[in-house]
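Written out below as structure tokens is the structure these notes cover.
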Amino acid sequence: MTEYLEQSLRRVVSGLATSETPLPDDLELEFEQPKNPEHGDLSTNVAMKLARVLRRAPRAIAQDIVDGLQALPVDPLRIDSIDVAGAGFINFRFATGFLQKGLSGILAAGPAFGHSESGKGKRVLVEYVSANPTGPLTVGHGRNAVLGDTIANLFAACGYDVTREYYFNDAGRQMRVLGESVRARYLGFVDPDGETRLISSGETEIEVPASFPEDGYLGGYIVDIAQQLFEQHGDALAADDSVEPFQQAAQTAIFAEIDATLARLGIRMDEHFNERSLYESGKVWETVDRLREKGYVYDADGAVWFKTSELGKEKDTVLVKSTGEPTYRLPDIAYHVSKLERGFDLAVDVFGADHIATYPDVLEGVRILGFDPSRIDVVIYQFVTLVRGGQPVKMSTRKATYETLDDLMDEVGEDVTRFFFLMRSSNTHLEFDLDLAKEASEKNPVFYLQYAHARICAILRKAEEVGFVFDDTTDLSLLNHETESALIKVLLQLSDVIGGAAETREPHRVATYLREVAVAFNQFYQHCRIIGEEQGLATARMALARATRTVLANGLSVLGISAPERM
RNA sequence: GCCCUCGUAGCUCAGGGGAUAGAGCACCGGUUUCCUAAACCGGGUGCCGCAGGUUCGAAUCCUGCCGAGGGCACCA
């Protein structure tokens, strides 16, 4: 609709230009949905924008435009009325025929309704989760995972070829400490009377074997892994000093657990990219050499430095430590170059706010190496606070108070978990109210959406029971109740909402929109009966209910939330 | 000190140049012989953090200040 109006409007507006008052070349014709329904279905502010250029009163310009549009004329099957209002707005009201056509379009498209081809032929890589396998996923990882997964869904709905990638590093210090922690625990099983010591963990102290690393991992899962190794191998692993088998076992076990946690959320990654491969392929050192060729790298104090001070930062940044070991920035640059070299048109990263400082360096590196940094986009999300009884829940990584994503899902369920992570803009701090989340009632926004869907399914079941006949000759023009046309108008916005959410990487727009759909449906449901009305009207309303179910189901599907048929 | 994000109703948050600033929760009241009442309807005196600026028009953009969170390592 907006495309059609834009064409007509552009023709009329270009006729307003005179030699003394030419129109700006970059004049954008904007349409918006007025907040107040009395102002019509679409509105444009061109007349006000042109007032300065044309040196005329906005309302007079608006009137000329309206006259021009009506002289064209504008398709009466799509547009019912065009008015000048307020300071110079031009308001359009849709013809009912347009709404009926849109409604049949929803039913015809079915599960594909709301999807588009706008990203067809483009490949996008969405990198998310990317937690190193050192322990179970936390609530913070949960927001990352759900956000990234839904952004990937949004791209897929827009026709992009999407790859979901998990980046990890099993070669660093973290993983070595993990292996050492497991080994120490294992030795504790081999020699239960061996020496121990106490490590303080928050307010408590935990007893660990003497060989346990100072900054080792204290979680109970480490003990489980060690115990399993002991049961399988006895003391056979104790002879060797190598931590390798312990690290391997831990990594395998933890990855299995992470995959299981993600699977509960309906998340399946396409690729796992190991940072180590960037070393094995020589990409890391190649990146240093290429940056050096470009003149952005120098040696000092035994380390290799990146001249970030020439790129708007206060200080230069170390790429390779004097020990010869790279800092994480270097493989990060190599990794992002690899994303673009693999042929992705767009690479989206999902990062917690604590990583906010790292990516400008990566973008600069990528740019210097000759790639367009606008092909990399970073979504930053702020931290999550769990709230119970009005009090924040302490989430210590060391103390096992309330930290894992699995615990959260056990308490509130998978659908609620996903929805709560998605219902707020990612760049605001998220307050996760456990009391509200657990409440299986009207207060819980997830249930409100799911209930609307289930309710429609109930109507359709009932219709079948009473032997309702769906005939093909549905006369949608019978849908002229206020709540009916309001509902249709909302339903027709799904494509725009999904497209906009994909473009801005803002899944919460879909969540906000689905509530509007459910509200509009409930209002319709309240005023209009379906079963029991005369056949023609009942069939038309049934069509409207089915279209609503389609929109709710498709929207929830993008969010990765189930659309139950009964509740 | 510097950088990023945020500051909107009692609480949690939408809205991010446009017409009278919205929703949920909480609180008060009402609606069911009828397809799911997990619903619907009614009830709001908000310096849109503060002060300037840009604009025909600012909650929205710019600058400064105040407040909250996060980041500023040869840690990841």
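Descriptive notes on the structure:
- Residue check for A:Pro37: buried (at least 21 other Cβ atoms within 10 Å of the Cβ) and in contact (Cβ under 8 Å) with a residue 12 or more places away in the chain: no
- Single residue of A:Val551, A:Val558 found to be closer than 30 Å to A:Phe351 by Cβ, crowded, with 20+ Cβ neighbours inside 10 Å and touching a residue at least 60 places away in the same chain (Cβ under 8 Å): A:Val558
- All strands (runs of 3 or more DSSP E) inside region A:333-390 with 2 or more residues being touching a Pro at 6+ places or on another chain (Cβ under 8 Å) and more than 17 Å from A:Glu127 (Cα to Cα): A:384-388
- Top-ranked residue of region A:512-548 - restricted to ones that are of a type in the set (Val, Ile, Thr) and crowded, with 18+ Cβ neighbours inside 10 Å, ranked as nearest to RNA strand B (Cβ to nearest atom): A:Ile530
- Scope region A:57-68; condition more than 12 Å from RNA strand B (Cβ to nearest atom) and without any contact (Cβ under 8 Å) to a residue 40 or more places away in the chain; matching residues: A:Ala60, A:Gln63, A:Val66, A:Asp67
- Scanning region A:293-315 for residues that are in a helix (DSSP H, G or I) and modelled with pLDDT under 90 turns up A:Thr308, A:Ser309, A:Glu310, A:Leu311.
- Search result, residues across region A:56-71 that are over 24 Å from A:Gln100 (Cα atoms) and aliphatic (A, V, I, L, M): A:Ala57, A:Ala60, A:Ile61, A:Ala62, A:Ile65, A:Val66, A:Ala71
- Selection from region A:422-463 of residues that are among the basic types (Lys, Arg), out of contact with any strand residue (DSSP E or B) (no Cβ under 9 Å at 6 or more places or on another chain) and under 23 Å from A:Ala520 (Cβ atoms): A:Lys443, A:Arg455, A:Arg461
- In region A:427-447, of all residues being farther than 15 Å from A:His141 by Cα and touching a Lys or Arg at 6+ places or on another chain (Cβ under 7 Å), the one that is farthest from RNA strand B (Cβ to nearest atom) corresponds to A:Leu434.
- Those residues of region A:27-55 which are in a loop (DSSP other than H, G, I, E, B) and either closer than 19 Å to A:Leu5 by Cβ or within 10 Å of RNA strand B (Cβ to nearest atom) (or both), in sequence order: A:Leu27, A:Glu28, A:Leu29, A:Glu30, A:Gln33, A:Pro34, A:Lys35, A:Asn36, A:Gly40, A:Asp41, A:Asn45
- Flag if A:Arg342 is out of contact with any His (no Cβ under 9 Å at 6 or more places or on another chain) and farther than 25 Å from A:Ser118 by Cα: no
- Sole exception among (1) within 11 Å of RNA strand B (Cβ to nearest atom); (2) surrounded by fewer than 18 Cβ atoms within 10 Å (Cβ to Cβ); (3) part of a loop (DSSP other than H, G, I, E, B); (4) at pLDDT 90 or above for A:Arg424, by number: (2)
- Of all the listed residues (A:Leu369, A:Leu346, A:Leu405, A:Leu386), the sole one being more than 15 Å from RNA strand B (Cβ to nearest atom), within 17 Å of A:His141 (Cβ to Cβ), among the aliphatic types (A, V, I, L, M) and surrounded by 15 or more Cβ atoms within 10 Å (Cβ to Cβ) is A:Leu405.
The values are calculated or read from the model by the stated rules, or taken from the named source; none is laboratory data. From a predicted model like this one, the values you see are computed outputs, not experimental measurements. Ideal geometry is used to build each Cβ from the backbone, glycine not excepted, and the neighbour counts take in all protein chains shown.
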